[in-house]
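> To start, I am sharing the structure in question, which I have written as structure tokens.
The values are calculated or read from the model by the stated rules, or taken from the named source; none is laboratory data. Keep in mind that what you see is a predicted model, and the values were worked out from it rather than measured. Virtual Cβ from ideal backbone geometry, glycine too; neighbours counted across all protein chains shown. Just the protein is used for accessible areas: all its heavy atoms, side chains included, with ligands, DNA and RNA removed. Shrake-Rupley method; radii C 1.70, N 1.55, O 1.52, S 1.80 Å.
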Amino acid sequence: MNSILSCLSRFDLFSVSFTPSISRSDKFEYKTIIGAIMSLAIMGISIIYTIYILYLWFSFQFLPVITQEVSIIDDKSQIHIDYISFKSYSNYVQDINPFQKNSTILNPILLLNSDNNNYTLLQEFINGEGFLSPNLTMNSQTVFYLTFSKCNQSLSDEYTCASEEQVQDFYQQQGNELWIEVNFSVINPSTFQQQTFQRDFTISLEQQQCIIQRLQFQPTLFQVSNSFLFVDFDSKYGFGDAISQTYVNSLDYYKQQYQRDGVVAAIYMAMDKKLTKQRFQYPLIAEVFAQIGSIISFLFIIQYLVQYINRKFMIEELLRQITQQYYAELQNLKISKSFMGGIQKVMLNEKQIDKDSYLKFIKSINQRFELKLSYINLLYEISRIQLMILQISNRDQILSSHQQFLRLPIKEYDDQLYLQGHEIDDSKIVPTINQCDNLQLNNLDSQVLQ
């Protein structure tokens, strides 16, 4: 069982190593006031920076990671035009609206895929302000032809064509134009909400020629992820923009193509087969902590400077204690220093001594005692002690020292061993701790006890 536990313990990832203590006051680490101040400063800055970054992250003030790629759109993808409207405009204050039902000048007719038999009269989509705003949804195979032709009373009884005088008054207006207003979609990177912006396209209206406006809508797949821990995209299609081209042709050309008289304007609307994918990913909490950790790690570069200072102070303190072990009078030494750390006065046993002589002595003795701080020197000194013991002791005495032990200072334990008939070899027992009070132990604790 013990062998199994021993093998299992080898997989422990949290093993610790033993580090001898420096002294009684500095158990395992040497710490200074400078190191404490710098540590508190780094911890304070780190906490403030962490709170600040987390506040920015929770308030969605971080910039998202935006990526874009292009692919081919699926033919089955249906995309709705959020808003599209057509209205007439001229420079006159009271311009003539060509779409009024009681005096219609232009018939808006929507053809699907240039099929003259598959058309829709859009007169019913004209609102009270005279705007034509149809509801359109298309895919990559859909092509809409919206024509504006001379009013034809035979198409519907819901409106009345304008008189020839009203038609001439309309075309005599200065700056007759047909405005096309289209809403396109974008993603607000601050709120991750879909927003719309409007673009205007214009077509001039003239009685003797036909102008066609080609609108190639650019489909966009918006993918938004503002999750906390895992990436989870919310996808939605929309139109991000449109490419426009304008052509001019004769009335006879469009009369032959659309089989209608007086086509003065036509709008070609189709969807581009190229799909743009835009991904908006808000940084995950793991990325935020990684950013915080990188900055804090950068701040901890200062630890190398502080550790260098602490190491210097630690060596000085160790050398001071070692020197006092050899020169006990130095325990009564008092040194007065300036604000910058320079030595001003040296007092020994309440008497001032020569500062230069003291500094020369300390420099010389420290160079020697620095050798005692290495493990090689420690092992060397132990080897010398072993050689000395071999010289003053025989082989049997050294072997017997490995078999000696301390008896427990418990009287009941000794009596129980005696009653059970156990023999105790008194030659292998050394005095207990209580019997060694008058012995001078060879360690620093003896100086404290004295």
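> Could you please find all residues in the range 21-47 being at pLDDT below 65 and either among the hydroxyl-bearing types (S, T, Y) or loosely packed, with under 11 Cβ neighbours inside 10 Å (or both)? Quick ask: steps written out before the conclusion?
Going through the range 21-47, the residues at pLDDT below 65 turn out to be 21-28.
Correct list: S21, S23, R24, S25, F28.
> Of everything in the range 210-237 that's aromatic (F, W, Y) and crowded, with 18+ Cβ neighbours inside 10 Å, which residue is nearest to the chain's Cα centre (by Cα)? Write out each step before concluding.
Step one: list which residues in the range 210-237 are aromatic (F, W, Y), which gives 217, 222, 228, 230, 233, 237.
The next check asks that each one be crowded, with 18+ Cβ neighbours inside 10 Å; those that pass are 217, 222.
On the way: F217: 36, F222: 22 Å.
Per the stated criteria, the residue is F222.
> Here is a further query. For the range 271-291, check the following and say yes or no: at least one residue is modelled with pLDDT of 85 or more and closer than 30 Å to S88 by Cβ. Walk me through how you get there before you give the answer.
Restricting attention to the range 271-291, the residues satisfying the condition of being modelled with pLDDT of 85 or more are 271-291.
Narrowing the set further to residues that are closer than 30 Å to S88 by Cβ leaves 271-272.
Within the range 271-291, one or more residues are modelled with pLDDT of 85 or more and closer than 30 Å to S88 by Cβ.
> Go through the range 51-86 residue by residue and tally those that are of a type in the set (V, I, T), open to solvent by less than 30 Å² (accessible area, probe 1.4 Å) and out of contact with any Gly (no Cβ under 8 Å at 6 or more places or on another chain). Can you show your working first?
Of all residues in the range 51-86, those of a type in the set (V, I, T) come to 51, 53, 65-67, 70, 72-73, 79, 81, 84.
Narrowing the set further to residues that are open to solvent by less than 30 Å² (accessible area, probe 1.4 Å) leaves 53, 73, 79, 81, 84.
Then drop every residue that is not out of contact with any Gly (no Cβ under 8 Å at 6 or more places or on another chain), which leaves 53, 73, 81, 84.
Adding up the residues that qualify gives 4.
> Among the numbered conditions (1) open to solvent by 60 Å² or more (accessible area, probe 1.4 Å); (2) farther than 25 Å from K31 by Cβ; (3) touching a residue at least 24 places away in the same chain (Cβ under 8 Å); (4) not small (G, A, S), tell me where E370 comes up short.
(2)
> Can you name every residue in the range 306-335 that is closer than 17 Å to K355 by Cβ and among the aliphatic types (A, V, I, L, M)?
Matches in the range 306-335: L330, L333, I335.
> Quick check on D252: is it over 30 Å from F62 (Cβ atoms), without any contact (Cβ under 8 Å) to a residue 60 or more places away in the chain and either open to solvent by 90 Å² or more (accessible area, probe 1.4 Å) or in a loop (DSSP other than H, G, I, E, B) (or both)? Walk me through how you get there before you give the answer.
Numbers: over 30 Å from F62 (Cβ atoms): yes; without any contact (Cβ under 8 Å) to a residue 60 or more places away in the chain: yes; either open to solvent by 90 Å² or more (accessible area, probe 1.4 Å) or in a loop (DSSP other than H, G, I, E, B) (or both): yes.
Yes: the conditions hold for D252.
> Any chance you could count how many residues in the range 338-349 are within 26 Å of L373 (Cβ to Cβ) and either of a type outside the set (G, A, S) or not in a loop (DSSP other than H, G, I, E, B) (or both)?
Summing the residues that are within 26 Å of L373 (Cβ to Cβ) and either of a type outside the set (G, A, S) or not in a loop (DSSP other than H, G, I, E, B) (or both) in the range 338-349 gives 3.
> What number of residues within the range 276-300 satisfy the criterion of being within 30 Å of S140 (Cα to Cα) and touching a Phe, Trp or Tyr at 6+ places or on another chain (Cβ under 9 Å)?
Let us first name the residues in the range 276-300 that are within 30 Å of S140 (Cα to Cα), namely 276-281.
Cutting the leftovers down to touching a Phe, Trp or Tyr at 6+ places or on another chain (Cβ under 9 Å) gives us 277-281.
Result for the range 276-300: 5.
> Go through (1) assigned to a strand (DSSP E or B); (2) out of contact with any Cys (no Cβ under 7 Å at 6 or more places or on another chain); (3) buried (at least 18 other Cβ atoms within 10 Å of the Cβ) one by one and return the number of the condition G262 breaks.
Here G262 meets the rest and fails (1).
> Could you say whether any residue in the range 173-182 is within 45 Å of the chain's Cα centre (by Cα) and either hydrophobic (A, V, I, L, M, F, W, C) or surrounded by fewer than 12 Cβ atoms within 10 Å (Cβ to Cβ) (or both)?
Going through the range 173-182, the residues within 45 Å of the chain's Cα centre (by Cα) turn out to be 180-182.
Narrowing further to those that are either hydrophobic (A, V, I, L, M, F, W, C) or surrounded by fewer than 12 Cβ atoms within 10 Å (Cβ to Cβ) (or both): 180, 182.
Looking through the range 173-182, at least one residue is within 45 Å of the chain's Cα centre (by Cα) and either hydrophobic (A, V, I, L, M, F, W, C) or surrounded by fewer than 12 Cβ atoms within 10 Å (Cβ to Cβ) (or both).
> Consider the range 154-193. How many of its residues are of a type outside the set (V, I, T), in a loop (DSSP other than H, G, I, E, B) and either within 30 Å of S235 (Cα to Cα) or modelled with pLDDT of 85 or more (or both)?
Just the residues of the range 154-193 that are of a type outside the set (V, I, T), to begin with: 154-159, 161-166, 168-179, 181, 183-185, 188-190, 192-193.
Okay, now just the ones that are also in a loop (DSSP other than H, G, I, E, B), so 156-159, 162-163, 172-176, 188-190, 192-193.
After this cut, where a residue has to be either within 30 Å of S235 (Cα to Cα) or modelled with pLDDT of 85 or more (or both) as well, the list is 162-163, 188-190, 192-193.
Of the residues in that region, 7 qualify.
> Out of curiosity, is S338 loosely packed, with under 10 Cβ neighbours inside 10 Å and at pLDDT below 85? I'd like the intermediate steps shown before the answer.
On the way: loosely packed, with under 10 Cβ neighbours inside 10 Å: yes; at pLDDT below 85: yes.
Answer is yes for this residue.
> If G240 meets every condition in (1) part of a loop (DSSP other than H, G, I, E, B); (2) surrounded by fewer than 19 Cβ atoms within 10 Å (Cβ to Cβ) apart from one, which number is that one?
(1)
> Could I ask something else about it? Have a look at I343, I365 and point out the one that is open to solvent by less than 70 Å² (accessible area, probe 1.4 Å), free of Cβ contacts under 8 Å to residues at least 60 places away in the same chain and either under 16 Å from Q321 (Cα atoms) or touching a Cys at 6+ places or on another chain (Cβ under 6 Å) (or both). Break it down into steps so the answer makes sense when it comes.
Values: I343 fails: either under 16 Å from Q321 (Cα atoms) or touching a Cys at 6+ places or on another chain (Cβ under 6 Å) (or both).
Selected residue: I365, the only one of I343, I365 that is open to solvent by less than 70 Å² (accessible area, probe 1.4 Å), free of Cβ contacts under 8 Å to residues at least 60 places away in the same chain and either under 16 Å from Q321 (Cα atoms) or touching a Cys at 6+ places or on another chain (Cβ under 6 Å) (or both).
> Does K312 satisfy the condition of being out of contact with any Gly (no Cβ under 6 Å at 6 or more places or on another chain), assigned to a helix (DSSP H, G or I), basic (K, R) and open to solvent by 80 Å² or more (accessible area, probe 1.4 Å)?
Values: out of contact with any Gly (no Cβ under 6 Å at 6 or more places or on another chain): yes; assigned to a helix (DSSP H, G or I): yes; basic (K, R): yes; open to solvent by 80 Å² or more (accessible area, probe 1.4 Å): yes.
Here the answer is yes, as K312 does meet what is asked.
This table checks each residue for (1) buried (at least 17 other Cβ atoms within 10 Å of the Cβ); (2) charged (D, E, K, R); (3) at pLDDT 75 or above.
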| residue | (1), (2), (3) |
| --- | --- |
| K101 | no, yes, yes |
| I105 | yes, no, yes |
| P108 | yes, no, yes |
| N113 | no, no, yes |
| N118 | no, no, no |
| E124 | no, yes, no |
| G128 | no, no, no |
| F148 | yes, no, yes |
| N152 | no, no, yes |
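> Same structure again: Does L359 qualify as being exposed (fewer than 13 other Cβ atoms within 10 Å of the Cβ) and either within 30 Å of S225 (Cα to Cα) or over 54 Å from the mean Cα position of the chain (by Cα) (or both)? Lay out the reasoning, then the answer.
Working: exposed (fewer than 13 other Cβ atoms within 10 Å of the Cβ): yes; either within 30 Å of S225 (Cα to Cα) or over 54 Å from the mean Cα position of the chain (by Cα) (or both): yes.
Spelling it out, L359 is indeed exposed (fewer than 13 other Cβ atoms within 10 Å of the Cβ) and either within 30 Å of S225 (Cα to Cα) or over 54 Å from the mean Cα position of the chain (by Cα) (or both).
> Collect the residues in the range 265-302 that are of a type in the set (G, A, S) and surrounded by 15 or more Cβ atoms within 10 Å (Cβ to Cβ), keeping them in residue-number order. Walk me through how you get there before you give the answer.
Going through the range 265-302, the residues of a type in the set (G, A, S) turn out to be 265-266, 270, 286, 290, 293-294, 297.
Within the range 265-302, A265, A266, A270 meet the criteria.
> Starting from the range 52-65, keep only residues that are closer than 17 Å to S225 by Cα, then list their pairs with residues that are surrounded by fewer than 16 Cβ atoms within 10 Å (Cβ to Cβ) and small (G, A, S) whose Cβ atoms are within a distance under 7 Å, requiring at least 6 positions of separation or different chains.
The qualifying pairs are F60/S190.
> Could you check A162 against (1) in contact (Cβ under 8 Å) with a residue 40 or more places away in the chain; (2) open to solvent by 60 Å² or more (accessible area, probe 1.4 Å) and say which number it fails?
With (1) in contact (Cβ under 8 Å) with a residue 40 or more places away in the chain; (2) open to solvent by 60 Å² or more (accessible area, probe 1.4 Å) applied to A162, the lone miss is (2).
> Q352 fails exactly one of the following numbered conditions: (1) open to solvent by 40 Å² or more (accessible area, probe 1.4 Å); (2) closer than 24 Å to T32 by Cβ; (3) in a strand (DSSP E or B). What is the number of that condition?
Q352 satisfies every listed condition except (2).
> Here are I335, I376: which of them is part of a helix (DSSP H, G or I) and of a type in the set (A, V, I, L, M, F, W, C)?
Only one candidate qualifies: I376.
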